[in-house]
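Here, each number is a calculation from the coordinates, and none is a lab measurement. The structure displayed is predicted, hence computed values, not measured ones. Quick reminder, even Gly has a Cβ in these numbers, built from the backbone with ideal geometry, and neighbours come from all protein chains shown.
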Amino acid sequence: KKFVEIKNISMTYHTLDGETKALDNLSFDINKGEIVTIVGPSGCGKSTILSIIAGLIKPSSGEVFIYGEKIKNTTKAIGYMFQSDHLFQWRTIMENVLIGLEIQKKVTLDSIKRVEKLLDTYGLGEFKNHYPNQLSGGMRQRVALIRTLAIEPELLLLDEPFSALDYQSRLAVSDDIAGILKREQKTAIMVTHDIAEAI
Ligand code: ADP
Ligand code: ADP
């Protein structure tokens, strides 16, 4: 069975100015363990498709299935990493990374250990009691990714994860993030307007 199936998705936004057709009969599949990059210019519907897969918005027509189940019925965790890192400045790195687990009431000794191990593995262990503004942009993106991984999502959605970085660090961080996703054997969909960032 396919892991993720996007079937005939169309999305039209209705506003006071009229209608915008953001997606027109889009279909594709993703296998478990695949990392897919969707590249296209601003306004082509990338954020829209991610929001639909995440279940944040409902398409005008079409369905998303995860292991054959409609998205709204799935029990699979989906992690969404936003455009800018959205770290809470008044929380330490550790406290930031634990937010998702806190919301799910899953902070346990085991989950804390697992998250600490992720921070250690990806060079952030010694920064866990630091605050986001004490880290570089690339490090903050890594923190944001680890925060998304902390809830052990089956599927990761990454929306322009490098857009807040300058060009040089973007390329370095995109290699970095690709490495983390591959090592953790994650299935991910990333969107970007820059083909150089495709992973
Ligand atoms: P991208 O992420 O590729 O930049 P979006 O998915 O954000 O593209 O937008 C696709 C199109 O839909 C654009 O024309 C955008 O202006 C429009 N759009 C996106 N969100 C909304 C919304 N909430 N209401 C109305 N139009 C929207
Ligand atoms: P992106 O940087 O991915 O292209 P945008 O800056 O286009 O995203 O959109 C940011 C937010 O504004 C999104 O939540 C999107 O749904 C919303 N949005 C985009 N275009 C419109 C629009 N024409 N009318 C209302 N909301 C919009």
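If I stretch the segment between residue 171 and residue 21 completely, what's the gain in nm (0.36 nm per residue apart, minus their alpha carbon distance), one decimal? Working it through step by step, the gained length comes to 50.8 nm. If R0 is taken as 22 Å, the Cβ-Cβ distance between residue 10 and residue 37 corresponds to a FRET efficiency of 0.50. Size estimate for the chain follows the Kirkwood approach: the inverse of mean 1/r over distinct Cα pairs works out to 17.6 Å. Averaging the Cα positions of each part gives two centres, and for the stretch 1-72 and the stretch 102-166 these lie 26 Å apart.
How big is the charge dipole of the stretch 64-199 about its Cα centre, in debye rounded to the nearest 20, if each Lys and Arg gets +1 on its Cβ and each Asp and Glu gets -1 on its Cβ? Don't skip to the end; give the middle numbers.
Values: 17 positive and 18 negative charges, 94 e Å.
Around 460 debye, computed over the stretch 64-199.
Just list whichever of 46/106; 7/186; 58/182; 113/186; 32/105; 128/182 have alpha carbons separated by over 25 Å in the model shown.
Working: 46/106 31 Å; 7/186 22 Å; 58/182 30 Å; 113/186 20 Å; 32/105 27 Å; 128/182 23 Å.
The answer is 46/106; 58/182; 32/105.
Relative to the longest principal axis of the Cα atoms of the chain, the long axis of helix 137-150 makes an angle of roughly 70 degrees.
Computed from Cα positions, the angle between helix 109-121 and the longest principal axis of the chain comes to roughly 90 degrees. If you take the alpha carbon atoms of the stretch 90-199 and fit the smallest convex hull around them, that volume is 103 Å³ per residue. Picking from 164, 111, 185, whose Cα lies most toward the positive end of the charge dipole for the chain (charges on Cβ: Lys, Arg +1; Asp, Glu -1)? Of the candidates, 111 comes out farthest on the positive side.
Given 4 °C and 1.567 mPa s, how large is the Stokes-Einstein diffusion coefficient of the stretch 137-189 in µm²/s, with Rh as the Kirkwood radius over Cα pairs?
On the way: Rh = 11.2 Å.
Answer from the Stokes-Einstein relation: 115 µm²/s.
Solvent-free Debye calculation, one equal scatterer per alpha-carbon of the stretch 89-133: log10 I(q)/I(0) at 0.19, 0.23 Å⁻¹ equals -0.55, -0.78.
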